[in-house]
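Notes for the one structure printed next.
The values are calculated or read from the model by the stated rules, or taken from the named source; none is laboratory data. Since this is a predicted model, take the numbers as computed values, not measurements. Positions of Cβ are backbone-derived with ideal geometry, glycine not excepted, and every protein chain shown enters the neighbour counts.
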């Protein structure tokens, strides 16, 4: 990856980053997959449903999602009380799903607003300049957390297993996926530092 991560612009105070079109397209793809996962299993409101009724609809799920990524994104609140955990999930998971999906959608929209084309020509070196205000930067940061949790869950990454990942040969597809996981972590770290500077 070429990106040098995020930094704060000295004059405007905005958070900026410069990505190759390939890198920006990879971020868009990761965010799109997250949106699809979050929205595929979410309850879709009926078209004829009153907006206030939809807002007050607490008929959400009461059990842990079957997909391991969703189970990691929405952990059980009360591990020793199944009934309380189910009630908590019923009242909160729908809104949490919407928030995570909207954050990932913001990443996609920002990249496309910055000029990322629908189709990326990998043979042409094109750069995408991204500028974030503080609020959007915080949204990106939250989405990076969700993307990294999703990648870690799919890959089976655990604390203290760095030696295993470093020992994989370059041609192993898991090594490339782990590199993406590390790259998103690097972007998140530079984003946090930019917000704090």
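Whether any residue in the range 146-158 is under 11 Å from the mean Cα position of the chain (by Cα) and surrounded by fewer than 19 Cβ atoms within 10 Å (Cβ to Cβ) is what I want to check.
Yes; the residues of the range 146-158 include at least one that is under 11 Å from the mean Cα position of the chain (by Cα) and surrounded by fewer than 19 Cβ atoms within 10 Å (Cβ to Cβ).
Quick check on the range 1-40: of everything there that is surrounded by 13 or more Cβ atoms within 10 Å (Cβ to Cβ) and part of a loop (DSSP other than H, G, I, E, B), which residue is modelled with the lowest pLDDT?
Once the filter is applied, the top-ranked residue is 1.
Failed condition for residue 174, given (1) crowded, with 17+ Cβ neighbours inside 10 Å; (2) in a helix (DSSP H, G or I), with all others met?
Here residue 174 meets the rest and fails (1).
If I filter the range 108-129 down to residues being assigned to a loop (DSSP other than H, G, I, E, B) and in contact with a strand residue (DSSP E or B) (Cβ under 8 Å, 6 or more places away or on another chain), which single residue comes out as modelled with the highest pLDDT?
Checked the range 108-129; the qualifying residue modelled with the highest pLDDT is 114.
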